[in-house]
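Read through the structure below, which is laid out as structure tokens, and then see the notes.
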Amino acid sequence: MAGKVAVLNDLAGFGRCSLTAAISVLSAMGVQPCPLPTAVLSAQTGFESYFFQDLTEQMGMITEEWKKSGAQFDGIVTGFMSDHRQIGEVNHFLDLFHKEGTFLLVDPVLGDNGKRFSVFDGLFQKEMKQLVKRADIVTPNVTELCLLTDYDYDKIQNISETGDREALFSEVSKAAGRLLDSGVSEVIVTGVLFEANLTVTREKTTAGISSFIGASYSGTGDLFASVIAGGKARGDRTEDSVRLAGEMIEKAVRESAALGISGKEGAEYEKYLWMLCKKTKESGEKKGK
């Protein structure tokens, strides 16, 4: 195994997202996932009806047990949290386990299509802004980037509608720069002009571009963040992980759309996990020689 990564996210029975995605992806990449559930759902929230069980209190109990056992992690990934209290629990977890040599990737689940999700309030957004400042890597979509930086979403959207890719990438990079100024090392913005993922650091901006399928599927953000985390844990370059994530997700979405699978069910990515195993297999073969 290439190390241990703690994953603080929800567990949904249907929707191919959150912990279901993270556990399978990290395992395929040769990394041990250590799940800490923030909530349990019968299905992801895009379904018409679902059961939801908040686990805020249990998060603290698990954290204390891991502390007693002397647990250590090579990386930590945070995803969906139900309210600002859970961000408090996450901060407590980081106080204990986010040490030198442990990377923190925050996938800031906040909103989409220019708006904050209705389940979150202004306090939650404020607390998420503070949490992101502790991260090494942040993976927002364009809406979340604007919510985190108070950047003008409409300005970015207007440029997007012109189709001027160079101008759009430049504008998104400016917004991402605000997160870099707060201490974040890498900002990977997903879904820029539909098909691009932009990796922004202080040194450069790199675009990973896939074909636009014209369909949206539950859990693709979780898959993306998990591949980035797995790559980080096993020492891959971020650009390579972004490319790998884009290729796998594109294949899964393309086939799911062709099969008529609904977006709420999530893309059928399982048959493409082999794409993530390649480096693990090669590494093992080299060690055996």
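The values are calculated or read from the model by the stated rules, or taken from the named source; none is laboratory data. The structure displayed is predicted, hence computed values, not measured ones. All Cβ positions, glycine included, derive from the backbone under ideal geometry; neighbour counts span all protein chains shown. Please note that ligands, DNA and RNA were not included when accessible areas were found on the heavy atoms of the full protein model with its side chains. Shrake-Rupley method; radii C 1.70, N 1.55, O 1.52, S 1.80 Å.
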Can you find, within the range 224-238, the residue that is least open to solvent (accessible area, probe 1.4 Å) among those that are in contact with a Gly (Cβ under 7 Å, 6 or more places away or on another chain) and of a type in the set (D, E, K, R)? R234
Within the range 90-125, residues touching a residue at least 40 places away in the same chain (Cβ under 8 Å) and of a type in the set (D, E) come out as D107
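Kindly indicate whether A71 is hydrophobic (A, V, I, L, M, F, W, C), open to solvent by 20 Å² or more (accessible area, probe 1.4 Å) and at pLDDT 95 or above.
Judged against the criteria, A71 is a match.
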Cβ contacts < 8 Å: first residue on the phi > 0 side of the Ramachandran plot and part of a loop (DSSP other than H, G, I, E, B), restricted to the range 220-241; second residue open to solvent by 20 Å² or more (accessible area, probe 1.4 Å) and modelled with pLDDT under 95, any location; separation 6+ or different chain. Result? G235/A2
Note on the range 103-135: residues touching a His at 6+ places or on another chain (Cβ under 9 Å) and within 25 Å of D236 (Cβ to Cβ) are L104, R134
Restricting attention to the range 104-126, and to residues there that are open to solvent by less than 20 Å² (accessible area, probe 1.4 Å) and part of a strand (DSSP E or B), which single residue is farthest from N91 (Cα to Cα)? G111
Can you tell me which condition C17 does not meet? The list is (1) within 20 Å of E144 (Cα to Cα); (2) open to solvent by 30 Å² or more (accessible area, probe 1.4 Å), and all the others hold. (2)
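Given the condition in contact with a Pro (Cβ under 8 Å, 6 or more places away or on another chain) and modelled with pLDDT of 95 or more, answer yes or no: does some residue in the range 113-127 qualify?
No, the range 113-127 contains no residue that is in contact with a Pro (Cβ under 8 Å, 6 or more places away or on another chain) and modelled with pLDDT of 95 or more.
Take L123 and tell me if it is touching an Asp or Glu at 6+ places or on another chain (Cβ under 7 Å), of a type in the set (A, V, I, L, M) and farther than 18 Å from W66 by Cβ.
Values: touching an Asp or Glu at 6+ places or on another chain (Cβ under 7 Å): no; of a type in the set (A, V, I, L, M): yes; farther than 18 Å from W66 by Cβ: yes.
No: the conditions fail for L123.
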L41 meets each of (1) out of contact with any helix residue (DSSP H, G or I) (no Cβ under 8 Å at 6 or more places or on another chain); (2) touching a residue at least 60 places away in the same chain (Cβ under 8 Å) with one exception, condition (2)
Within the range 100-125, count every residue that is of a type outside the set (A, V, I, L, M) and within 17 Å of D181 (Cα to Cα). 0
Select from the range 68-97 the residues that are over 18 Å from S226 (Cα atoms) and part of a loop (DSSP other than H, G, I, E, B) and list them in ascending order. S69, G70, A71, Q72, S82, D83
Residue list for the range 20-34, filter: surrounded by fewer than 24 Cβ atoms within 10 Å (Cβ to Cβ) and closer than 21 Å to I249 by Cβ: T20, I23, S24, S27, A28, G30, P33
